[in-house]
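Asker: Let me begin by handing over the structure; questions about it come next.
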2 protein chains.
Amino acid sequence: MHLEEARQKFVQSWGALGSSWGINRTMAQIHALLLVSTEPVSTEDIMEQLQVSRGNVNMNLRALIDWGIVTKENKIGERREFFVADKDIWAVARQIARERRKREIEPMLRVFDELKNTSGTDAETKEFKRMIGELTDFTSKADGVVDKFIRSDEHWFYKTLLKLVK
Amino acid sequence: MHLEEARQKFVQSWGALGSSWGINRTMAQIHALLLVSTEPVSTEDIMEQLQVSRGNVNMNLRALIDWGIVTKENKIGERREFFVADKDIWAVARQIARERRKREIEPMLRVFDELKNTSGTDAETKEFKRMIGELTDFTSKADGVVDKFIRSDEHWFYKTLLKLVK
DNA sequence: CTGAACTTTCAAATATTTCTGAAAGTTTAT
DNA sequence: ATAAACTTTCAGAAATATTTGAAAGTTCAG
């Protein structure tokens, strides 16, 4: 398989994976494209390579920047903007973990907290509260692990992983 | 907040969380409903409580059964089927991890494996292969952690978590 | 075997998400 | 100040995902 075919295959697969994790296909594809590009890439480049509109590229680039895994870059003597993805996979993973934690785990824990105050002493209510309690417990523990991961540097995490996978 | 309101809020939130993780809203809502139900629940019950059609409930129940986190239950002297969710959150999490591993991590590793064979000795190709190598490394390590989690019982995982979160 | 009770299927309808493209906005050079 | 070069916005269009509902299928008691 030659480079262009491989790159294309990677972009497609990364896009497909993204969509099964609640990330839109084009955003994931743009990210993939930047990941495997050695040079900073312009909006036009992306439009051409992925065959999508300027507006689409612009919006998804903003989102990637917002997630903190892509940055603008200015080439001297060039008017237009170029973009690069953080190439450190561990840093990208930590950043995504950080964002999803903020956007999903924290709000869910807040909901659970509210639900703890459900009134009633009947068996149904007790059972409901018990389940919410278990979910809170589980979610908090998962949150703890994610938090540790976010705070870790690669070295720490690598060592811990070694221990974990034996 | 009284029980019905709380239950409703939980079902809504679980549905919303599901959709940001690539699980369709109704499937997540049905799961939520079963999670907080003490008694086995019939298709009709779900239709009524979530205000969705019979076909929709049926399809999503099949999917939940397929994921291995919901089971059919027959009440004696009753013709129709009832459904219950596995109430052990850790078991549910392990099951979901197992399925997503099979459906997502494994195929992605297979794609990476193919991409390793990209021909070419130029700098671009080398860089591409290096990135694929890093992604493979990262994904394999994540896979190792997930695998360990899947094989763990709650006790083991709880202890490890304690170590992890200090 | 027949019909009642229930489940499954799937084509069409609906809802949701994503994308386009052109207009408006911004920045910089002259 | 003007214009060229580029970026952003967003209403409507297109694509995708989900849902409906009615017909077909299944099971079982009588």
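Asker: Search the structure for amide H atoms under 5 Å from the amide H of residue B:83, placed 1.01 Å from N in the peptide plane, and list their residues when 5 or more places away or on another chain.
Answerer: Here the answer is B:41, B:42, B:73, since their amide H atoms fall under 5 Å of that of residue B:83.
Asker: Take the alpha-carbon centre of region A:5-83, take the same for region B:109-140, and report the distance between them in whole Å.
Answerer: So the two Cα centres are separated by 19 Å.
Asker: Within 10 Å of each Cβ in peptide A:5-15, how many partner chain Cβ atoms are there on average? Round it to a whole number, please.
Answerer: 4
Asker: Shifting gears a bit: Round to the nearest 10 and give me the degree value, 0 to 90, for the angle of helix B:106-115's Cα axis relative to the longest principal axis of chain B.
Answerer: Helix B:106-115 sits roughly 20 degrees off the main axis of chain B.
Asker: Here's something else I'd like to know. Pick from B:131, B:27, B:108: which residue has the top mean-square fluctuation in a GNM of chain B where Cα pairs under 10 Å get a spring?
Answerer: B:131
Asker: Something else: Using only Cα atoms, tell me the angle between helix A:3-19 and the longest principal axis of chain A; keep it within 0 to 90° and round to the nearest 10.
Answerer: It is inclined by approximately 30 degrees.
Asker: Which semi-axis lengths, in whole Å and largest first, follow from the square roots of five times the eigenvalues of the Cα gyration tensor of the protein assembly as shown?
Answerer: Semi-axes (√(5λ), whole Å): 41, 22, 20.
Asker: Please name which of B:50, B:92, B:38 has its Cα lying farthest along the dipole of region B:4-135 towards the positive end, using unit charges on Cβ (Lys, Arg +1; Asp, Glu -1) and the Cα centre as origin.
Answerer: Working it through, the farthest residue towards the positive pole turns out to be B:92.
Asker: Got the residue B:88 label distances to the other copies yet, label 7 Å along Cα→Cβ, in nm, shortest first?
Answerer: Between copies, matching label points for residue B:88 lie 4.1 nm apart.
Asker: Step through the table entries A:72/A:102; A:148/B:141; A:87/B:129; A:102/A:148; A:129/B:75, compare each Cα-Cα distance with 20 Å, and write down the pairs that go over it.
Answerer: Flagged as over cut-off: A:72/A:102; A:129/B:75.
Asker: Compare B:38, A:136, A:125 by solvent-accessible area with a 1.4 Å probe and give them largest first, with all protein chains kept in place.
Answerer: B:38, A:136, A:125
Asker: Okay, helix-only estimate at 222 nm for chain B: each DSSP H run of n ≥ 4 adds -39500 (n - 2.57), divide by all residues, round to 500 deg cm²/dmol; what do you get?
Answerer: -22000 deg cm²/dmol
Asker: Follow-up. Given the protein chains as shown and a 1.4 Å probe, how many square angstrom of residue B:2 are accessible, to the nearest 10?
Answerer: Result for residue B:2: roughly 100 Å² accessible.
Asker: OK, next. How high is the relative contact order of chain B? Use alpha-carbon pairs under 8 Å, at least six apart in sequence, and give a whole percent.
Answerer: Relative contact order comes out at 14 percent.
Asker: Which value, in debye to the nearest 20, gives the size of the charge dipole of chain B about its Cα centre, when Lys and Arg are +1 and Asp and Glu are -1 at the Cβ?
Answerer: Magnitude of the dipole: close to 340 debye.
Asker: Can you name the residue in chain B whose Cβ lies closest to the B-to-A rotation axis, and give that gap in whole Å?
Answerer: Reported as residue, whole Å: B:22, 3.
Asker: Rg(Cα) of region A:3-85 divided by 2.2 N^0.38 Å?
Answerer: 1.03
Asker: Now a separate question. How big is D, in µm² s⁻¹, for region B:89-164 by Stokes-Einstein at 37 °C and 0.692 mPa s if Rh is the Kirkwood radius over C-alpha pairs?
Answerer: This corresponds to a translational diffusion coefficient of 231 µm²/s.
Asker: Helix B:54-67: angle to the longest alpha-carbon principal axis of chain B, degrees 0 to 90, nearest 10?
Answerer: 50
Asker: Kirkwood Rh over Cα pairs of chain A into Stokes-Einstein at 4 °C, 1.567 mPa s: D in µm²/s?
Answerer: Stokes-Einstein gives a translational diffusion coefficient of 69 µm²/s.
Asker: Using only the heavy atoms of the protein chains and a 1.4 Å probe, how would B:138, B:82 rank by accessible area, largest first?
Answerer: B:138, B:82
The values are calculated or read from the model by the stated rules, or taken from the named source; none is laboratory data. Everything quoted here is computed from the prediction, not taken from an experiment. Please note: Cβ atoms are built from the backbone with ideal geometry, for glycine as well, and neighbour counts cover all protein chains shown. Please note that ligands, DNA and RNA were not included when accessible areas were found on the heavy atoms of the full protein model with its side chains. Shrake-Rupley method; radii C 1.70, N 1.55, O 1.52, S 1.80 Å.
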